[in-house]
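What follows draws every value from the coordinates through simple rules; no lab data is involved. This structure is a prediction, so every number in the text was calculated from the model and none was measured. All Cβ positions, glycine included, derive from the backbone under ideal geometry; neighbour counts span all protein chains shown.
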Amino acid sequence: MFSGIIEGRCRVREIKEGKRGLRVLFEFENLRGFYVGQSISIDGVCLTVEDFRDNLAEFFLSDETLRVTKFGRVLAEGYVCNFERALKVGDRIDGHFVLGHVDGVGEITEILDFGEEGWEIRVKIPKELLKFAPRKGSIALDGTSLTINSVEGDEIRIRLIPQTLRITAFPYRRVGDLLNVEVDVLARYVHNLLKFP
């Protein structure tokens, strides 16, 4: 489990194709506290460390992961991602509970750059996820815990503060780019509970 508070960026260094997925080597800005078997969120996808050395860590992305997330469409050498290590018992939860299980893929449709005051982005998300995305609710985009400012049709508006832009991979994203979307798990649970008499 994660909090959606991104620790830094990583970059795809090498991709090796297999029969049932990809082995991807990522280069990290800060590879501290990693170990084999550890869960790491890469752009909101919970992946397991298979090997690491220096500032490089290798992960296996199954064909199912490639199908459900944006990774099957965007991964290439040099692609920049967010990362976060899993929470430990007793950690502060500064964001919201993020499982690392992507619900769908969104697309950036607009970016408004306010300079020193950050960005506002508009993101089109799958229609079936809109019921879990209320105004002022939480959502994880590329693993980042964010607050929904407004909902307009099948699009949500999000403000990205300067600190978010300093730490995350959002400055590398452009209109038309894809984002992994995970809705708030608490909203999903409440919705499911209300369906039962």
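Data table
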read-out	value
Summed side-chain charge close to LEU146 - residues other than LEU146 whose Cβ falls under 12 Å, Lys, Arg +1, Asp, Glu -1	-1
Per residue, the convex hull volume that the Cα atoms of region 104-194 enclose (Å³)	88 Å³
Environment charge at HIS191 (Cβ cut-off 14 Å; Lys +1, Arg +1, Asp -1, Glu -1)	0
Charge-dipole axis of region 1-120 as Lys and Arg at +1 and Asp and Glu at -1 on Cβ define it, positive-most pick from ILE108, LEU75, GLY21	GLY21
Of (i) 15.9, 46; (ii) 16.4, 55; (iii) 19.0, 61, the label for Rg and Dmax of the Cα atoms in Å derived from the coordinates	(ii)
Bins of 5 Å, starting at 0 and running to the largest distance - Cα pair percent for region 36-110	3, 12, 22, 26, 18, 12, 5, 1
Contact order normalised by residue count of the chain, Cα under 8 Å, 6+ apart, percent	25 percent
Residue-count net charge about ASP54 - beta-carbon cut-off 15 Å; Lys, Arg +1, Asp, Glu -1	-1
Degrees, to the nearest 10: 185-194 long Cα axis against longest axis of the chain	50 degrees
